[in-house]
Structures are given as structure tokens and as C-alpha cells.
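Read through the structure below, which is laid out as C-alpha cells, and then see the notes.
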Amino acid sequence: MPTLGIAIITKNAAAHLNECLLAAKWADQIVILDSGSSDQTLEIAQSHQVAVHHTSDWPGFGIQKNRALAYLNTDWILALDADEILTTALTDSIRAAISNPTADIYQLARLSNYCGRWIRHSGWQPDHLPRLFKRGCAQYSEDLVHERLLYSGAAPLLAGELLHYSFDNLDDVLDKVNRYSSAGARQRLAKGEKSGLFKAIYKGLWAFLRTYVLQRGFLDGREGFILAVSNAEGTYYRYLKLMYLAEQ
């Protein structure tokens, strides 16, 4: 039977880490790469007897995930986030895929929860992510945020869902809007992109209309509207921060 390793990066990820590790306990190897947690993340990881490694810097999501992958020595690798839970159906599909593979890369279908509601529109569905791959067949881009798995060839979709608890409450939403807009602004500045007040306003308004109207966020009820507003805020502040960074 081919072996499977799971790589997870963490920082203050205690909220769902226990559920994540319980659902993944069947894996042959689990590695956590932590970048300075001050909550119960490390205690939870140690209670599951998984390997925990540490970094003192934060190079961005892409590089950090590649660092975590490098600690695995299994035949197959599954990249997970600490707020993602494997369902039984997806676990069965993963086991079947690595036992009798027809590809080197597989996609997982993710269903995300926003402030207590499972989001089925708003541009969040379908959400098919390449996450399962043969060792050495893929690596992440070096983007600060919104990193991509780089690979070649077809990536079939596995049956079953990956449950993603993306935002538990509005504090999580506002915190991520701030952090991701800052990282996104730095990333765009590094690529030579420019911005201004009008561009920030336009991009923010378009983000709301795209999420709530074109991507039918209104079908996600109250949380669909809140999500569309937070998308607009994140986009607006990303381009506003880019404007100020470019002026420095």
C-alpha cells in the first residue's frame, strides 16, 4: 500500500485543528509547520503525536507550504489547512486513488462555511482544489497569498467533500480582510502594479456586484450579503494600501 503524508501550516490555528487531525489520523505521516502560535495550537498538535516544526519568519503562504511539504517522505502528499476537515467519503476516495492511481494529481471538492452558514454560491462553488499528489510531482507558487499548486497533466476530481471552516465569526472576517489586503498590496507592488483612489473604489464596487449579483450571492441569504460586503472591503483596502505603498 502506498504511503500518504499530510502537510499543514499553522499560526494560532487551534479553533479547528483538533477536528482536522482527528479526521486525518489514518495518514502514515502528518507534519505541522508552525510560525509562532500563541494559542493552543502546539498543545493540540502534540496531543495527536504529530511532528511539529517551527519557523521564526513568515515568507508568505506559498514558500511556507513548500517548506512543510519538504518534511514529508511518503509516496503521496495531501496538503491541508488547519481549518479543513476530511469527510469519510473523501477519505475513502483518497485511499482508493492512491491504491490504484490513474493520475499523479487529484482535486478535492471543498465546501466552505462562513459565519455558521455553508456557502453554495457567491463564487465559492464549485471549489475544486488540487491537493493530493505524488511526491515530487507538484509544488506551490511563491505567492504571499492566494498561492497555487503548480503541476502538469490532468487532475481528476475525487468524490466526497472537504469541509472548510473559513470564518467562524466577524472578528475572523475583519482580521483576514486586514491581513490579506496588506499582503495582496505588497504582492501587487512587487509586480509593478499601481493604484489610486478611483481604482480602489471601482475595484471594491465591482467585487460586491460580482459576488452578490453575478455569482448569485443573494441565494446564500444574510451571510451571502455580508460575504459580498467583506469581499468588497478586502478589495478596496488592498488597492488603497497599494496606492500608499507606491507613494512611499
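Each reported figure results from applying straightforward, stated rules to the coordinates on display, with no laboratory input. Just so it is clear, the structure is predicted and the values come from calculations on it, not from any experiment. Virtual Cβ from ideal backbone geometry, glycine too; neighbours counted across all protein chains shown.
Take every Cα-Cα distance within the stretch 103-180, group them into 5 Å bins from 0 onward, and report for each bin the whole-number percent of pairs it holds.
The calculated distribution, bin by bin, is 3, 13, 18, 20, 21, 13, 8, 2, 0.
Show which lysines lie in cross-link reach of Lys176 when reach means a straight Cα distance below 16 angstrom and same-chain residues fewer than eight apart are skipped.
Lys11, Lys241
Over the Cα atoms of the stretch 170-247, Rg to Rh with Kirkwood Rh, two decimal places?
Expressed as Rg/Rh, it is 1.02.
May I ask you to sort Thr3, Thr88, Thr74, Thr10 by Cβ crowding, counting other Cβ atoms within 10 Å and putting the fewest first?
Lowest to highest Cβ neighbour count: Thr88, Thr3, Thr74, Thr10.
If you line up the long axis of helix 197-209 against the longest principal axis of the chain, both from Cα atoms, how many degrees apart are they, to the nearest 10?
Approximately 60 degrees, to the nearest 10.
For the chain, with a Gaussian network of springs between Cα atoms less than 10 Å apart, report the residue from Tyr71, Tyr140, Tyr202 with the top mean-square fluctuation.
Largest GNM mean-square fluctuation: Tyr202.
Report which label in (i) 18.7, 57; (ii) 21.5, 72; (iii) 20.0, 65 holds the value of Rg and Dmax of the Cα atoms in Å derived from the coordinates of this structure.
Correct label is (i).
Springs between alpha-carbon atoms under 10 Å, Gaussian network over the chain: tell me which of Gly192, Gly36, Gly136 tops the mean-square fluctuations.
Gly192
By DSSP, what percent of the beta bridges with both residues in the chain are antiparallel, rounded to the nearest 5?
Working: 16 of 39 bridges.
Among the beta bridges of the chain, antiparallel pairing accounts for roughly 40 percent.
Just to be sure I understand: with springs between alpha-carbon atoms less than 10 Å apart, which residue in Ser99, Ser122, Ser35 has the highest mean-square fluctuation in the Gaussian network model of the chain?
Judging by the Gaussian network model, the answer is Ser99.
Kirkwood hydrodynamic radius for the stretch 98-137: how many Å is it when counted over pairs of different Cα atoms?
After inverting the pairwise mean of 1/r, the radius is 12.0 Å.
If you plug each phi of the stretch 149-161 into the Karplus form 6.51 cos²θ - 1.76 cosθ + 1.60 with θ = phi - 60°, what whole-Hz ³J(HN,Hα) values come out, in order, with x for Gly and Pro?
7, 9, 7, 10, x, 6, 10, x, 8, 8, 6, x, 10
Please compute the modelled spin-label separation between Arg222 and Ala51, points set 7 Å along Cα→Cβ, answer in nm with one decimal.
4.6 nm
Please work out the FRET efficiency for the pair Ala159 and Gln248, using the Cβ-Cβ distance as r and a Förster radius of 51 Å; give the result to the nearest 0.05.
0.55
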